[in-house]
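A.B. asks: Quick one: structure below, then a few questions.
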Amino acid sequence: MSGIWGNNIKYSIFGESHGEAIGIVIDGLPPGLSLDLEDIRFEMARRSPGKTSIETPRREKDEFRIISGYFNNKTTGVPLTVLIENTNKRSKDYEKPKGILRPGHADYTAYMKYKGFQDYRGGGHFSGRLTAPIVFAGAVAKQILRLKDIYIGSHVNQIGNLYDERFSINNVCKESFENLKKMNLPVLNEKIGERMKDLILEVKGAKDSIGGSVEVVAINVPAGFGSPFFDSVESILSHLMFSIPAVKGVEFGSGFEISRMRGSEANDIYYLDKDEIKTRTNNNGGILGGITNGMPIVIRVAFKPTSSIGMCQRTVDYLNRSEVDLRIEGRHDPCIVPRAVPVVEAMAAIGLLEFLINDI
Ligand SMILES: Cc1cc2nc3c(=O)[nH]c(=O)nc-3n(C[C@H](O)[C@H](O)[C@H](O)COP(=O)(O)O)c2cc1C
């Protein structure tokens, strides 16, 4: 089923962008877990729109309500269900495209799969808004991972042709992750960050959009998580990353660059740090044979430019079987990458928790 994922902990996501509410059911959490609800609110606020001029002015506070599985401030062990009401829906903006296929969106594929019964308003179940419950689940997963000293951090790696510095073995620690979390456009090099913001505003002015990528890293993941074949750490994590709307590429460690290296450059050389086995480089992104090797897990996730643009585009009206001009009126992000940062972290946390629970 497309809306349910997980073996040890099962996640079931539901709702539509302009329906009553969206949410997630998390089944399999251990009982007796105290959740830091303020921390979850902070994570949700990182994703919510309308904070800066580079984001959509659609304001959604993303207030959540836990309706089951939490009693006396502790998880009970039965399914934890969270609801996030849709308080700011301006369906008017989304009425026009009924029957009109928005280029880059899932309108055509949804129509074919759901035979015209889909809630098409604002993208319905395909909307980026459905990433709010994922951030909720990721915040819960991060809290459990933290109990084992595992931390996840990320930054905007690239917008268009502008690249931030990369994470390296030497610049990843939980303190730097905390600093990045406080930034609206989290980058390691703030000068590049300013140029990225200018570029996003320039593209917005032209009624266009732009893509980019997010780099996420997990530290203190013990060696030995994962399996050689179908449940390799890369398989599980990339499966989850590709479940984020607008993701078109995922790479680990040096990623596609490793294919241009010689073996002598690509091999991560082992050494002993006191009694610990480490590698001097991390081209393999902390994973060998599908199994973690104790080095930081490094993933980069590529996002396409926002599909909804104000420019006029030619398309098809499937109800009238005619070709038409389309200009999208709604409120959209010229670049979704900054808002996708906590979503990428959440997916990394959900994936790693699956391995951690396996290991306990
Ligand atoms: C956090 C987030 C917010 C998004 N917001 C928008 C948006 O405002 N406008 C838009 O056209 N696409 C947005 N998207 C992407 C679309 O939902 C996505 O491109 C579309 O459903 C088609 O799916 P696909 O790109 O995965 O094929 C967003 C994605 C994410 C992760």
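A.B. asks: Take the chain, connect every pair of alpha-carbon atoms lying under 10 Å apart with a spring to form a Gaussian network, then pick out the residue of 206, 106, 137 with the largest mean-square fluctuation.
C.D. replies: In the Gaussian network model the winner is 206.
A.B. asks: Sort 336-345, 108-117, 258-267 by packing, meaning the average of other beta carbons within 10 Å per residue, with the highest value first. Before the final figure, lay out each step's value.
C.D. replies: Values: 336-345: 26.8, 108-117: 12.7, 258-267: 10.5.
Top of the packing list down: 336-345, 108-117, 258-267.
A.B. asks: Enter the angle in degrees (range 0 to 90, nearest 10) between the Cα long axis of helix 131-146 and the first principal axis of the Cα atoms of the chain, meaning the one along which they spread out most.
C.D. replies: Once rounded, one gets 10 degrees.
A.B. asks: Quantify, in whole percent, the carbon and sulfur part of the accessible surface of the chain (1.4 Å probe; protein heavy atoms only). Don't skip to the end; give the middle numbers.
C.D. replies: Numbers: 9260 of 17590 Å².
The computed percentage sits at 53.
A.B. asks: Compute, for the chain, the length of the dipole vector about the Cα centre, with Cβ point charges of +1 (Lys, Arg) and -1 (Asp, Glu) only. Units Debye, rounded to 20. Could you put the intermediate results ahead of the total?
C.D. replies: On the way: 45 positive and 44 negative charges, 196 e Å.
In debye, rounded to 20, the chain gives about 940.
A.B. asks: Using 0.36 nm times the number of residues separating residue 178 and residue 51, minus their current alpha carbon distance, what extension gain do you get?
C.D. replies: Working: separation 127, 0.36 × 127 = 45.72 nm, distance 1.87 nm.
So the chain would gain 43.8 nm between residue 178 and residue 51.
A.B. asks: List the trypsin sites (Lys or Arg not before Pro) within segment 182-226 that DSSP assigns to loop and that have no more than 12 neighbouring Cβ atoms inside 10 Å. Don't jump to the answer; show the numbers that get you there.
C.D. replies: Numbers: sites: 182, 191, 195, 197, 204, 207; in loops: 182, 207.
Sparse-neighbourhood loop trypsin sites (Lys or Arg not before Pro): 182.
A.B. asks: Moving to a separate point now. Helix 37-47: angle to the longest alpha-carbon principal axis of the chain, degrees 0 to 90, nearest 10?
C.D. replies: The angle comes out at about 60 degrees.
A.B. asks: Quick one: check the C-alpha center-to-center distance for segment 239-278 versus segment 300-360, whole angstrom.
C.D. replies: Segment 239-278 and segment 300-360 have Cα centres spaced 25 Å from each other.
A.B. asks: Which pairs, out of 10/51; 174/278; 61/191; 191/248; 61/182; 74/142, put more than 25 Å between their alpha-carbon atoms? Write down the numbers at each step before the final one.
C.D. replies: On the way: 10/51 32 Å; 174/278 19 Å; 61/191 30 Å; 191/248 27 Å; 61/182 17 Å; 74/142 16 Å.
With Cα atoms farther than 25 Å apart: 10/51; 61/191; 191/248.
A.B. asks: Okay, next question. Heavy-atom accessible area per residue, the chain, 1.4 Å probe: how many Å²? Don't skip to the answer; put the middle values down first.
C.D. replies: Values: 17590 Å² over 360 residues.
Solvent-accessible surface per residue comes out at 49 Å².
A.B. asks: Right, another one. Expressed as an acute angle from 0 to 90° and rounded to the nearest 10, what is the orientation of the C-alpha long axis of helix 190-205 relative to the principal long axis of the chain?
C.D. replies: Taking Cα atoms only, the helix is inclined about 20 degrees.
A.B. asks: Can I ask one more? Rounded, prolate or oblate: pick one for segment 154-301, where a ≥ b ≥ c are the square roots of the eigenvalues of its C-alpha gyration tensor, a/c under 1.5 means rounded, and failing that, prolate if a/b is larger than b/c, else oblate. Numbers along the way, then the final one.
C.D. replies: Working: a/c = 2.03, a/b = 1.66, b/c = 1.23.
It is prolate, given that a/c is not under 1.5 and a/b is the larger ratio.
A.B. asks: Starting from the Cα gyration tensor of segment 231-288, take the square roots of the eigenvalues, sort them a ≥ b ≥ c, and report rounded, prolate or oblate (rounded when a/c is under 1.5, otherwise prolate if a/b is larger than b/c, else oblate). Write out the running numbers ahead of the final one.
C.D. replies: Working: a/c = 3.41, a/b = 1.70, b/c = 2.01.
Oblate is the answer for segment 231-288, as a/c is 1.5 or above yet b/c matches or exceeds a/b.
A.B. asks: What does the C-alpha gyration tensor say about the overall shape of segment 169-255? Classify as rounded when a/c is under 1.5, otherwise prolate if a/b is larger than b/c, or oblate. Please list the in-between numbers first.
C.D. replies: On the way: a/c = 3.14, a/b = 1.51, b/c = 2.09.
Here segment 169-255 falls in the oblate category.
A.B. asks: Short version: ³J(HN,Hα) in whole Hz for each residue of segment 25-30, in order, from phi by Karplus 6.51 cos²θ - 1.76 cosθ + 1.60 (θ = phi - 60°), x for Gly and Pro, what are they?
C.D. replies: Each residue of segment 25-30 in turn: 10, 10, 10, x, 5, x Hz.
The values are calculated or read from the model by the stated rules, or taken from the named source; none is laboratory data. Note that the structure is a prediction, hence the values are computed from the model and not measured. Counting neighbours? That spans all protein chains shown, and the Cβs are built from the backbone with ideal geometry, glycine included. For the accessible areas, the whole protein counts, side chains as well, though only heavy atoms, and no ligand, DNA or RNA atoms are used. Shrake-Rupley method; radii C 1.70, N 1.55, O 1.52, S 1.80 Å.
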